[in-house]
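Step one of this worksheet: look at the structure below.
The values are calculated or read from the model by the stated rules, or taken from the named source; none is laboratory data. Just so we're clear, the structure is a prediction, and the values are computed from it rather than from any experiment. Don't worry about glycine lacking a Cβ; one is built from the backbone with ideal geometry, like all the others, and counts go over all protein chains shown.
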Amino acid sequence: MEEEIPQLFGTSGIRGKLGDKINLELALKVGLAVGTFAGKGKIVVGHDPRTSSPMISMVVKAGILQCGKDVLDLGMVPTPVVGYATKCLGAQAGVMITASHNPSPYNGIKLWNPNGMAYRQDQERAIERIVHCESFNRVSWDLLGKSQDISNFVSHYVSDILALVKIKPGIKVVVDCGSGAASNLSPLILRQAGCEVVTLNSQPDGFFPGRNPEPSQKNLGELMRVVKAIGADLGIAHDGDADRMVAVDDEGRMADFDKLLALVSAQRGGMVVTTVDASAAIDRCLMEVDGKVKRTKVGDVHVAERISEVGANFGGEPSGTWIHPEFCMCPDGILSGLRVIELVQEKGPLAKLLDDLPTYPTRRVTVNCQDDDKKSIMQEMEKKLPYLFSDIKDVNPIDGVRLTLSDDSWVLVRPSGTESFIRITLEGKDEKRAHQIHQDSKKLLEDVIKKFEESE
Ligand code: MG
């Protein structure tokens, strides 16, 4: 029997607390594994402003150099700069040291392909195998790699991103970088784009003194207040590594994630990719511009893969992780912010645009179940769920099972990848419909789970 290899990568790279899952020994092994796995050529490395990031970066770089690969060192940059540099400089891989939206004690490592797309699961498994077996291709002293400082690449990123967007002067924007990796870059690009910019938490600081790096409603109170108080057109906030962006409207309210994604998708037009758990708001908005929605598994790498498969114009998850394939396959929170500004300039105030979209009642419920039973329970749910409804328009089994119903309502039953529960997510045309879908699907799921528990 084949030996079981411990899984290092989660949904977005290797992530954990420093001294616990993330430590220098692991960082060295990952550096050696990337140096072994990547093709012949250079490897781009960047890191966020966490206190442990420069240290982890040094060790990862040492591993790469020991495999005879050259390092292109960006220093402290947002994740999208690593993706873009990997693509533009013809590098064989990109490595970003970051724990994204997690608090200060955490860190992580995320890997990028030569086209700027995150490593796929099969590539992550290959890295895990090399780490586990310690099958590193170390080279002799005369073949070691060289490291080169390429922090000046940032100016190319700035000019290329500005060449892509069409923004007229006159927009007043408050940007809250959460003291994360975009603290210098996002305000600079917004100013160069002609915006009047007010900054919050825009000094890089690994202690994240102003707010938690997760750009959630509870962490963005100050941004919402300032946008309203100074009469700004909008607010923009990033997570710790700025692959994500969330917006605050001109009324000082946090923009609904799904509605904002829907508005920008319609603005991009054509074919758009999103995940199975995204609202039908995106389908409704795209229908008006003769666009098409393709749904894929939850996770930004799945969105990126699907964008390349179908040749989509745009793609994103409701979390604010958006991919702009005309620029790069790496999610880019800075470009996402600029796209929202373009939307406001073309279509009018953000609050009105959001309010004009209908709000469908949503529900999210979790039902506990044994991890070992998840697969069989989901097989049973795939069979039985469609019998609850007489008006099914579409069945999508790509990630759990998602049913689209005739009146635009939908329901998704999907197992958690990390915890012992199955989640039901749904949207109903009205409260009554949402309630009925909720009750019926929850009862079915509970009955199926009970049947498995009794048979054990
Ligand atoms: Mg992030």
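For I230, the criteria (1) more than 16 Å from the ligand (Cβ to nearest atom); (2) surrounded by 20 or more Cβ atoms within 10 Å (Cβ to Cβ); (3) among the β-branched types (V, I, T) hold in every case but one, which is (2).
Let's see how each residue does on (1) in the same structural domain as D332 (by TED's automatic domain parsing); (2) small (G, A, S); (3) under 12 Å from W322 (Cα atoms):
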{"position": "R244", "(1), (2), (3)": "yes, no, yes"}
{"position": "V248", "(1), (2), (3)": "yes, no, no"}
{"position": "F257", "(1), (2), (3)": "yes, no, yes"}
{"position": "L260", "(1), (2), (3)": "yes, no, yes"}
{"position": "G270", "(1), (2), (3)": "yes, yes, no"}
{"position": "T275", "(1), (2), (3)": "yes, no, yes"}
{"position": "S279", "(1), (2), (3)": "yes, yes, no"}
{"position": "G291", "(1), (2), (3)": "yes, yes, no"}
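Scanning the stretch 271-303 for residues being in contact with a helix residue (DSSP H, G or I) (Cβ under 7 Å, 6 or more places away or on another chain) and among the aliphatic types (A, V, I, L, M) gives a total of 9. Selection within the stretch 73-92: residues that are crowded, with 24+ Cβ neighbours inside 10 Å and away from the ligand (no atom under 16 Å from the Cβ). The member of this set that is nearest to K40 (Cα to Cα) is A91. Of the residues examined, L350 is one that is touching a helix residue (DSSP H, G or I) at 6+ places or on another chain (Cβ under 6 Å), closer than 30 Å to L164 by Cα and buried (at least 21 other Cβ atoms within 10 Å of the Cβ).
Just the residues that are away from the ligand (no atom under 16 Å from the Cβ), outside any loop (DSSP other than H, G, I, E, B) and surrounded by fewer than 19 Cβ atoms within 10 Å (Cβ to Cβ), please, taken from the stretch 1-25. The answer is K17, L24, E25. Residue count for the stretch 303-322, restricted to those that are under 14 Å from the mean Cα position of the chain (by Cα) and in contact (Cβ under 8 Å) with a residue 40 or more places away in the chain: 11. Within the stretch 422-432, being free of Cβ contacts under 8 Å to residues at least 60 places away in the same chain and either loosely packed, with under 14 Cβ neighbours inside 10 Å or more than 17 Å from G400 (Cα to Cα) (or both) holds for one residue alone: K432.
Out of all the residues in the stretch 234-263, which are more than 13 Å from L357 (Cα to Cα) and surrounded by fewer than 24 Cβ atoms within 10 Å (Cβ to Cβ)?
Looking only at the stretch 234-263, we keep the residues that are more than 13 Å from L357 (Cα to Cα), and these are 234-254.
D250, E251, G252, R253, M254 - these are the residues of the stretch 234-263 that are more than 13 Å from L357 (Cα to Cα) and surrounded by fewer than 24 Cβ atoms within 10 Å (Cβ to Cβ).
So that you can scan it fast, the table gives a plain yes or no per residue for (1) out of contact with any helix residue (DSSP H, G or I) (no Cβ under 8 Å at 6 or more places or on another chain); (2) modelled with pLDDT under 95:
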residue: E427; (1), (2): no, no
residue: Q439; (1), (2): yes, no
residue: L444; (1), (2): no, no
residue: F452; (1), (2): no, yes
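Mind telling me which of the residues P361, P325, P331, P318 ends up being farther than 29 Å from K429 by Cβ and surrounded by fewer than 23 Cβ atoms within 10 Å (Cβ to Cβ)? Don't jump to the end; show me each part of the working.
On the way: P361 fails: farther than 29 Å from K429 by Cβ; P331 fails: surrounded by fewer than 23 Cβ atoms within 10 Å (Cβ to Cβ); P318 fails: farther than 29 Å from K429 by Cβ.
P325 is the lone residue from the list that is farther than 29 Å from K429 by Cβ and surrounded by fewer than 23 Cβ atoms within 10 Å (Cβ to Cβ).
The residue that is farthest from R306 (Cα to Cα), among those in the stretch 76-133 that are aliphatic (A, V, I, L, M) and part of a strand (DSSP E or B), is M76.
Taking (1) part of a strand (DSSP E or B); (2) surrounded by fewer than 12 Cβ atoms within 10 Å (Cβ to Cβ) in turn, S390 satisfies each apart from (1).
Here's the yes/no breakdown for (1) without any contact (Cβ under 8 Å) to a residue 60 or more places away in the chain; (2) not assigned by TED's automatic domain parsing to the domain that holds K168:
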{"position": "E346", "(1), (2)": "no, no"}
{"position": "L350", "(1), (2)": "no, no"}
{"position": "Q370", "(1), (2)": "no, yes"}
{"position": "S376", "(1), (2)": "no, yes"}
{"position": "M381", "(1), (2)": "no, yes"}
{"position": "G400", "(1), (2)": "no, yes"}
{"position": "S406", "(1), (2)": "yes, yes"}
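Looking at this structure, is L223 away from the ligand (no atom under 16 Å from the Cβ) and within 18 Å of V158 (Cα to Cα)?
Values: away from the ligand (no atom under 16 Å from the Cβ): yes; within 18 Å of V158 (Cα to Cα): no.
Considered against the rule, which asks whether it is away from the ligand (no atom under 16 Å from the Cβ) and within 18 Å of V158 (Cα to Cα), L223 comes out as no.
Taking N184 as the residue in question, decide whether it is under 22 Å from the mean Cα position of the chain (by Cα), more than 19 Å from G75 (Cβ to Cβ) and buried (at least 16 other Cβ atoms within 10 Å of the Cβ).
Numbers: under 22 Å from the mean Cα position of the chain (by Cα): yes; more than 19 Å from G75 (Cβ to Cβ): no; buried (at least 16 other Cβ atoms within 10 Å of the Cβ): yes.
Criteria not met by N184.
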